[in-house]
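Working notes for the structure below.
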Amino acid sequence: MKLIVAITGASSVIYGKRLLEVLRDKDIETYLVISHTAERIIEHELDTAKKDIENLASHVYEADDWNSPIVSGSFKTDGMVIVPCSMKTLAGIANGYSNNVILRAADVTLKEKRKLILVPRETPLNVIHLQNMLELAKQGVLIVPAMPAYYHKPKSVSDIVNYVVGRVLDLLGIEHTLYKRWHEIQTT
Ligand SMILES: Cc1cc2nc3c(=O)[nH]c(=O)nc-3n(C[C@H](O)[C@H](O)[C@H](O)COP(=O)(O)O)c2cc1C
């Protein structure tokens, strides 16, 4: 499996890091792009450098690297996950405005009818954010808000992160045990 992963400039970059860890452990080939603002947020929220996150991926590209394979539909992938997805990147995709490699790769994923999963993070949401999400959902984009649940009784931040990442993996059809499902909780 080949997946494009992008981390954009929204709070909760930890979800992107965790997804990359799981994909690496499952030997899934990843093509990673981290936006300029995401780099700053990674340093702030994770007290780590962009390079440490990049080391989790199989292939890494800069957001302005127009030589990267992922800007072309001729490069076959199994889909793309943007986690977290900023409202700016969401707006760019919804409007076909592809002025960086992340936006172009998402545009390509859409036009090639491949799986595109966005993990938007903002609160509260204004009408523009909601309209952009609605437009993308109509186009078949899977919107997975960075919205934790508590029915699995998380005991740590890690449990909360694993829940959201687990829901992304569910949509990718990747088996995992990152969180306990409702029926598993019912029987224990
Ligand atoms: C510390 C910090 C936190 C931010 N958090 C969010 C956020 O949670 N959601 C969001 O949509 N934008 C957030 N932004 C604003 C975006 O980073 C900004 O709109 C940027 O242009 C997004 O560009 P990108 O999508 O190319 O990364 C944040 C910015 C900073 C500096």
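Each value in this text was obtained by applying a stated rule to the coordinates, not by laboratory testing. Note that the structure is predicted; figures quoted are calculated from it, not measured. FYI the Cβ positions are ideal-geometry reconstructions off the backbone, even for glycines, and counts take in every protein chain you see.
Some notes on this structure:
- Projected-area mean, the stretch 1-107, by convex hull of Cα positions, square nanometres: 5.9
- Simple label model, 7 Å out from Cα along Cβ direction - residue 2 to residue 78, nm: 1.3
- Alpha-carbon geometry of the stretch 91-188: the Rg and the Dmax are 15.7, 50 Å, given in that order.
- FRET efficiency, 1/(1 + (r/R0)^6) with R0 25 Å, evaluated for residue 67 and residue 40 via beta carbons: 0.55
- Principal-axis analysis of the Cα atoms of the chain puts helix 157-172 at an angle of about 60° to the longest axis.
- For the stretch 38-67, trypsin sites (Lys or Arg not before Pro) meeting the loop criterion (DSSP other than H, G, I, E, B) and having at most 14 other Cβ atoms within 10 Å: none.
- Residues residue 186 and residue 97, FRET efficiency given R0 of 45 Å [Cβ-Cβ distance, rounded to 0.05]: 0.50
- Our compactness index for the stretch 1-53, the C-alpha radius of gyration over the empirical 2.2 N^0.38 Å, is 1.08.
- Spatial offset of the stretch 113-173 relative to the stretch 23-42 amounts to 17 Å, using the alpha carbon center of each.
- Highest average first, the peptides 14-21, 69-76, 123-130 ordered by how many other beta carbon atoms sit within 10 Å of their residues are 14-21, 69-76, 123-130.
- Against the empirical curve 2.2 N^0.38 Å, the C-alpha radius of gyration of the chain lands at a ratio of 0.98.
- When the pairs 111/155; 51/180; 88/111 are compared against a 29 Å limit on Cα-Cα distance, 111/155; 51/180 fall above it.
- Using θ = phi - 60° and Karplus 6.51 cos²θ - 1.76 cosθ + 1.60, couplings along the stretch 52-59 (whole Hz; Gly, Pro as x): 5, 6, 4, 5, 7, 9, 7, 9
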